[in-house]
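Colleague: I'd like to ask some things about the structure below.
The values are calculated or read from the model by the stated rules, or taken from the named source; none is laboratory data. Remember, it's a predicted structure, so these values are computed and weren't measured experimentally. Cβ sites come from the backbone with ideal geometry, for glycine too, and all protein chains shown count toward neighbours. These area figures cover heavy atoms from the full protein model, side chains too; ligands, DNA and RNA do not enter into them. Shrake-Rupley method; radii C 1.70, N 1.55, O 1.52, S 1.80 Å.
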Protein chains: 2
Amino acid sequence: MQRILLDHGSGGRASLRLINELFLRHFGNAILESLDDAACLELNGRVAMSTDTFTVDPLIFPGGDIGSLAVHGTINDVAMLGGDPKYLSCGFIIEEGLELSLLERIVASMAQAAELAGVSIVTGDTKVVPRGAADKLFINTTGLGSISVANPPGGARAAEGDAVLISGSVGDHGLTIMSSREGLEFETPVQSDSAALHWLIKRLLDELPEVHVLRDPTRGGLATTLNEIAAQSAGEVYINEEAIPVKPEVREGCSFLGLDPLYLANEGKLLCILPEELSDRALEIMRQDPVGREAAIIGGIVSGRRAGRVVLQTRIGGQRLLTMLEGEQLPRIC
Amino acid sequence: MQRILLDHGSGGRASLRLINELFLRHFGNAILESLDDAACLELNGRVAMSTDTFTVDPLIFPGGDIGSLAVHGTINDVAMLGGDPKYLSCGFIIEEGLELSLLERIVASMAQAAELAGVSIVTGDTKVVPRGAADKLFINTTGLGSISVANPPGGARAAEGDAVLISGSVGDHGLTIMSSREGLEFETPVQSDSAALHWLIKRLLDELPEVHVLRDPTRGGLATTLNEIAAQSAGEVYINEEAIPVKPEVREGCSFLGLDPLYLANEGKLLCILPEELSDRALEIMRQDPVGREAAIIGGIVSGRRAGRVVLQTRIGGQRLLTMLEGEQLPRIC
C-alpha cells in the first residue's frame, strides 16, 4: 500500500509528482496548470471571500467526506453574502503515512463536488507533517465569488417584521459525524446533509433581492447562528419549535444520545430572513430546489425588551430563551 | 496560565470571545468586523490569488514566527505574479492546550506584519482540535491582489538571452529553522530572512514591466525553484556558483551540518529573470531596497541540448547539473 512520505511535502521532485499525478489529474484546469506561485483570475466589482479549514473526523462519513465538505462549506459561505462562487484555493496538511488511495479518494470527491458546483480549484498548497503532528488530513479552502445583488445580505440587516425561514431539517450532519465516529448505528441510518446551496441562493436573490440575511447554521447549529444574527441586528428573534423540521431518525438519535438537534451542525442548510410579505414566495422558491424541499417558515423578528436574544416558543406552549452553544460536545465536526 | 480549550472552536460563546478578544482586537478592520460568513471586497480586473499553509516548527524562531511568516509567505506569492497584495484570509488550526499567551503573541505578530505590508486580514476561521490531533498551531493564509502589469511574470516566460538575478543571500531561513529546532548555536547567529517583497516587486515592475519571471525560492531552495522554471520554460538555466550570495555564517553552518544552501528554503528572497540588457538596472533597483541590498546577477538562460535543466558553473571551474531536491531533509520548514 502506497503511503504519503515526508518527501511529498519537500517542494522537490516527490512534491511535483504528487501535484502532477494526483492534484492536477483531478483538479486540472488552465489556471491551475500554469503552476505559478499564484493564480491569475478575472474578477470585477464586489467580491465575496471566505475561508474555512476542515478537520472533520472521520474523513469519510455517510453522505460525504472531508473533500466534498471542504468544497460545499466554503461555497456556501461565499454564497451567503450573495456571492456567486467561482474560484477555490485549497491547502492540504497531510500526516506522513496517510494512505495514498485514501487521499486520492478524497481529492476525487473534492474535484467532483467542485465540478458539480461549477467552481474551479485554481491554486493550492500541500504540506506533509511527520507522523503524530497532525491527524491524517486537514483541508483549508478559500473561495471567491462576484456579488451581483446591490445590497448583499448580512446578519445586521435582520429587521422587525421579518420572517425566518430554514431550508430544511436540522441536525443531520452533526448527528451523522457523532454516530459515525463512535460507531453507533441507528435503526434508520442518518446521513450528512453536506450540499452546495449557491444555486438555491441565486434563484432566491434573483427574484427576491430584498432578502435581509442568509446564513448557514454550521458549528453551534441553528440556535447559535440565530443568536449571532440577533446580536448583530439587535432584533428579538422568535422561533416556533414545532415548525423546525427535524428528521424522525435524527430526533430519535438525539434523544438517545442526549443531544439537542438545534445545537448540531448542518452543512447543507440555510437560514433566510426577509420581509414577512415575501416569505411565502421565498418558501416556494426553496421548495422547488432539491436542497430546499423541506423548507419551512420557523419564526420572525420582533422588537421587544429581549433585543439581541432568541426566544423559543416550545412545543408545550411555553417560552424559553434559546442561548448560544456553551462548551463543546462535538469537536472536529467540520 | 490560560490555555486554548475545545470550547474555543465550538462556534459558540467561547469561540465568539476568542474572536472578539483576540482576533478582532489585533486584526480589526471594517470588513472583518462585519462578522458575516464572507468578506465583501472591491476588486477589479485581473487578480492574483495564492494560498499557503504554515506548519513551521518551532513556532517562534530568530527573525520571525509562524504568524509573520504566514503573512510574508502569501504576500510574496501574490506579488510574484505581479499582484499588489491587499487582502488576506487566515485559517487557524489550534491544538487544545496551546497557551493563550503564545497564540496572542503570534496573532499580534501577524497583525503587525500585515499592517507594515499594507494588507488587511478580512476573513478568518478557527478550528480547535483535541490534544495530539495537531502539533500546537497551523495557519493557512490566502491572499489577493490586483495585477496591474499587462503581461504578468510567469515561469513559462523565461527566454534565451535572459539574465537570472537573486535579491540576496540564500539559505538563511532553512538553516535558522533547522538549527533553532535542534537547539544548535553557531558562533555567529543565523536569522530567518522572512520579509515581504511586494514593495520591491512593485518598483521593479513599475520601471521594468518586461520582467519575465519572479519566483521566491522557498521549499526546495534556489536549486529546486530554478529547476521548476527550467521545466516550465524549456530553457537551459546556467548559474555561476561563485555569484550566489551566501552569508559566511550560513555557509559555515551548512558545512557543519552537511547541508547545501542551494537547497535550503528562503522566505524573503526572489529570483528575477528578465532580458539581459535590463539586468543592470534591475540590480540597481533591487539594491536600493533594504530587502534587496545583496542582490546579484547569478546566471542566465541559453538554448541548448540541456533544455529544461539547470547547469551550475562550479567554483573550481567545472560544470554540473543542479537537480531538484530529492527526499526531504527538513520537514516543517514553513
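Colleague: What dipole magnitude, in Debye to the nearest 20, does chain B give about its Cα centre under +1 on Lys/Arg Cβ and -1 on Asp/Glu Cβ?
Modeller: Magnitude of the dipole: close to 320 debye.
Colleague: Also, I was wondering about something else. Taking each label point as 7 Å beyond Cα in the direction of the beta carbon, state the distances from B:F186 to the same residue in the other copies, shortest first, in nm.
Modeller: Ordered by distance, the counterparts are at 6.0 nm.
Colleague: Among the listed pairs A:K86/A:K269; A:K86/B:K136; A:K127/B:K127; B:K136/B:K269; A:K86/B:K86; A:K136/A:K247, which have their C-alpha atoms separated by more than 25 angstrom in this model?
Modeller: Those over the limit are A:K86/B:K136; B:K136/B:K269; A:K136/A:K247.
Colleague: Would you please calculate the Kirkwood hydrodynamic radius of the protein assembly as shown over all C-alpha pairs and express it in Å, rounded to one decimal?
Modeller: When all Cα pairs of the protein assembly as shown are included, the Kirkwood radius is 25.6 Å.
Colleague: A further question on this structure: What percentages, rounded to whole numbers, describe P(r) for region A:36-147 computed over all alpha carbon pairs with 10 Å bin width beginning at zero?
Modeller: Percent of pairs per bin, in order: 15, 46, 30, 9, 1.
Colleague: Another question about this same structure. Please give the solvent-accessible surface of B:V149 in Å², to the nearest 10, using a probe radius of 1.4 Å with every protein chain present.
Modeller: Approximately 20 Å² of B:V149 is accessible to the 1.4 Å probe.
Colleague: Taking a probe of 1.4 Å and counting only protein heavy atoms, give the total accessible area buried between chains B and A in Å², rounded to the nearest 100.
Modeller: Details: alone 14980 and 15010 Å², together 24200 Å².
The contact between A and B buries close to 5800 Å².
Colleague: Label-to-label distances across copies for B:R25, with labels 7 Å out along Cα→Cβ, in nm, shortest first?
Modeller: Shortest to longest, the spacings are 4.9 nm.
Colleague: Report the local net charge at B:V129: Lys and Arg +1, Asp and Glu -1, summed over other residues whose C-beta lies under 15 Å from its C-beta.
Modeller: On the way: positive: A:K136, A:R181, A:R219, A:R332, B:R3, B:K127, B:R131, B:K136; negative: A:D52, A:D57, A:E95, A:D135, A:E328, B:D7, B:E95, B:E96, B:D125, B:D135.
Net of charged neighbours comes to -2.
Colleague: Can you list which of the trypsin sites (Lys or Arg not before Pro) found in region B:231-334 are DSSP loop residues with at most 15 other C-beta atoms within 10 Å?
Modeller: Answer in residue order: B:R293, B:R305, B:R315.
Colleague: Still on this structure: Relative to the longest principal axis of the C-alpha atoms of chain A, give the angle of the C-alpha long axis of helix A:221-233, reported between 0 and 90° and rounded to the nearest 10°.
Modeller: With rounding to tens, the tilt is 70 degrees.
Colleague: OK, next. With the dipole of the protein assembly as shown worked out from charges on the C-beta (+1 for Lys and Arg, -1 for Asp and Glu) around the Cα centre, which of B:A163, A:T323, A:G253 lies farthest toward the positive end?
Modeller: A:G253
Colleague: Also: Given label points at 7 Å from Cα along Cα→Cβ, what nm distances, shortest first, separate A:Q112 from the same residue in every other copy?
Modeller: Nearest first, the other copies' label points are 4.9 nm away.
Colleague: Rounded to the nearest whole Å³, what is the per residue volume of the convex hull around the Cα atoms of chain A?
Modeller: 134
Colleague: What accessible area per residue comes out for the protein assembly as shown, rounded to a whole number of Å², with a 1.4 Å probe?
Modeller: Counting only protein heavy atoms, the per-residue value for the protein assembly as shown is 36 Å².
Colleague: Expressed as an acute angle from 0 to 90° and rounded to the nearest 10, what is the orientation of the C-alpha long axis of helix A:198-207 relative to the principal long axis of chain A?
Modeller: Helix A:198-207 and the main axis of chain A meet at about 40 degrees.
Colleague: Turning to a different aspect of this structure: Can you tell me the relative contact order of chain B? Whole percent, Cα pairs under 8 Å, sequence separation 6 or more.
Modeller: In percent, rounded to a whole number, it is 23.
Colleague: Also, I was wondering about something else. Rounded to the nearest angstrom and ordered from largest down, what semi-axes does the equivalent ellipsoid of region B:181-304 get from its C-alpha gyration tensor (root of 5λ)?
Modeller: 26, 18, 12
Colleague: Mind checking the dipole of the protein assembly as shown: about its Cα centre, +1 per Lys or Arg Cβ, -1 per Asp or Glu Cβ, Debye to the nearest 20?
Modeller: The dipole of the protein assembly as shown has a size of about 140 debye.
Colleague: Once you average over the residues of B:125-136, how many Cβ atoms of partner chains fall within 10 Å of each Cβ?
Modeller: 6
Colleague: Once you have a ≥ b ≥ c as the square roots of the Cα gyration tensor eigenvalues for region A:119-245, tell me rounded if a/c is under 1.5, and otherwise prolate or oblate according to whether a/b is larger than b/c.
Modeller: Verdict is oblate for region A:119-245.
Colleague: Sum -39500 (n - 2.57) across every DSSP H segment of at least 4 residues in chain A, then divide by the residue count to get the 222 nm mean residue ellipticity, nearest 500.
Modeller: Taking each H run of at least 4 residues, the total per residue is -9000 deg cm²/dmol.
Colleague: Using 7 Å Cα-to-Cβ label points, what is the A:Q2/B:E160 separation (nm, one decimal)?
Modeller: 3.7
Colleague: On the accessible surface of chain A, probed at 1.4 Å, how many percent belong to carbon and sulfur atoms?
Modeller: Numbers: 5800 of 12110 Å².
Carbon-and-sulfur percentage of accessible area, whole number: 48.
Colleague: Oh, and also: Note down the relative contact order for region A:236-318 as a percent, whole number, built from C-alpha pairs under 8 angstrom at least six residues apart. Can you show the working numbers first?
Modeller: On the way: 76 pairs, mean separation 52.5, N = 83.
Reported as a whole number, the value is 63 percent.
Colleague: By accessible area of protein heavy atoms, probe 1.4 Å, what ranking do B:I316, B:I31, A:I298 get, highest first? List each step's numbers first, then the result.
Modeller: Details: B:I316 165, B:I31 50, A:I298 0 Å².
Result, largest first: B:I316, B:I31, A:I298.
Colleague: Would you mind calculating the gained length between B:R251 and B:E115 on full extension (0.36 nm times residue separation, minus the Cα-Cα distance), in nm to one decimal? Spell out each step's value before the answer.
Modeller: Details: separation 136, 0.36 × 136 = 48.96 nm, distance 3.34 nm.
So the extension gain works out to 45.6 nm.
Colleague: So how tilted is helix A:100-117 from the main axis of chain A? Cα-based, degrees 0 to 90, rounded to 10.
Modeller: Helix A:100-117 sits roughly 50 degrees off the main axis of chain A.
Colleague: Using a 10 Å cut-off on Cβ to Cβ distances, tally the other chain neighbours for every residue of B:147-155 and report the average as a whole number. The partial results should precede the final answer.
Modeller: Values: counts 3, 0, 0, 0, 0, 4, 2, 6, 4.
The mean count of partner-chain Cβ atoms within 10 Å per residue comes to 2.
Colleague: May I pose another question? Pairs of alpha-carbon atoms within less than 8 angstrom and 6+ residues apart define the contacts here; what relative contact order does region A:196-293 have, in percent?
Modeller: Details: 93 pairs, mean separation 47.6, N = 98.
Relative contact order of region A:196-293: 49 percent.
Colleague: With label points built 7 Å along Cα→Cβ from the Cα atoms of A:E104 and B:R287, find their separation and express it in nm.
Modeller: According to this spin-label approximation, the distance is 5.3 nm.
Colleague: I would also like to ask the following. Note down the accessible area of A:H26, probe 1.4 Å, to the nearest 10 Å².
Modeller: 50
Colleague: Related question: Students sometimes get this wrong: rank A:K127, B:K136, B:K86 by accessible area, probe 1.4 Å, all chains present, largest first. Working shown, then result.
Modeller: Details: A:K127 10, B:K136 65, B:K86 105 Å².
Result of the area sort, largest leading: B:K86, B:K136, A:K127.
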